[in-house]
Amino acid sequence: MSEISEPRTAGGAWLVVAASAVGALVAAFNVVNTGNGIAWSFGAWLVLVSSILVVVAGLILAWHLALSKGARGAIAVLLLLGILGTGVAAYFLTAWILLVAMGVALVGWVIHVAADPSPLD
């Protein structure tokens, strides 16, 4: 007899992806908006690139790619550093919407680490 199991989800990782995608869009707008005082600056570009990298790392965790526990742990730690670094840079650039987006991404990271199931269990 086959056993029906609950679908495995990575809700926290998907929250990281969604929040950092919003952050990347806000960062892209900040790069080109000449009325905000940070347009075309190195910091604005840095935040845009780091937001995109956080999206990529979140997608790697959300898609449960065939990674060992060590690799998933390393990506989770690097993702945390990316979220915190992008948030600090957003604070220094006074990009408050981006800072809130990284706060939501941080909540998603905590959910992923604390509650999301491991794909290799």
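Of note:
- Per the listing Leu53, Leu61, Leu48, the residue uniquely open to solvent by 40 Å² or more (accessible area, probe 1.4 Å) and free of Cβ contacts under 8 Å to residues at least 60 places away in the same chain is Leu53.
- Residue check for Ala13: over 27 Å from Ala71 (Cβ atoms) and open to solvent by less than 60 Å² (accessible area, probe 1.4 Å): no
- Residues of region 102-115 that turn out to be crowded, with 20+ Cβ neighbours inside 10 Å and either modelled with pLDDT under 75 or within 20 Å of Ala71 (Cβ to Cβ) (or both), as a count: 3
- If the condition is being within 19 Å of Leu106 (Cα to Cα) and out of contact with any Leu (no Cβ under 9 Å at 6 or more places or on another chain), then region 22-45 contributes only Leu25.
The values are calculated or read from the model by the stated rules, or taken from the named source; none is laboratory data. Values in this document were obtained by computation on a predicted structure and should not be read as measured data. Note that we place each Cβ from the backbone using ideal geometry, even for glycine, and neighbour counts take in every protein chain shown. Ligands, DNA and RNA are excluded from the accessible area calculation, which covers all protein heavy atoms including side chains. Shrake-Rupley method; radii C 1.70, N 1.55, O 1.52, S 1.80 Å.
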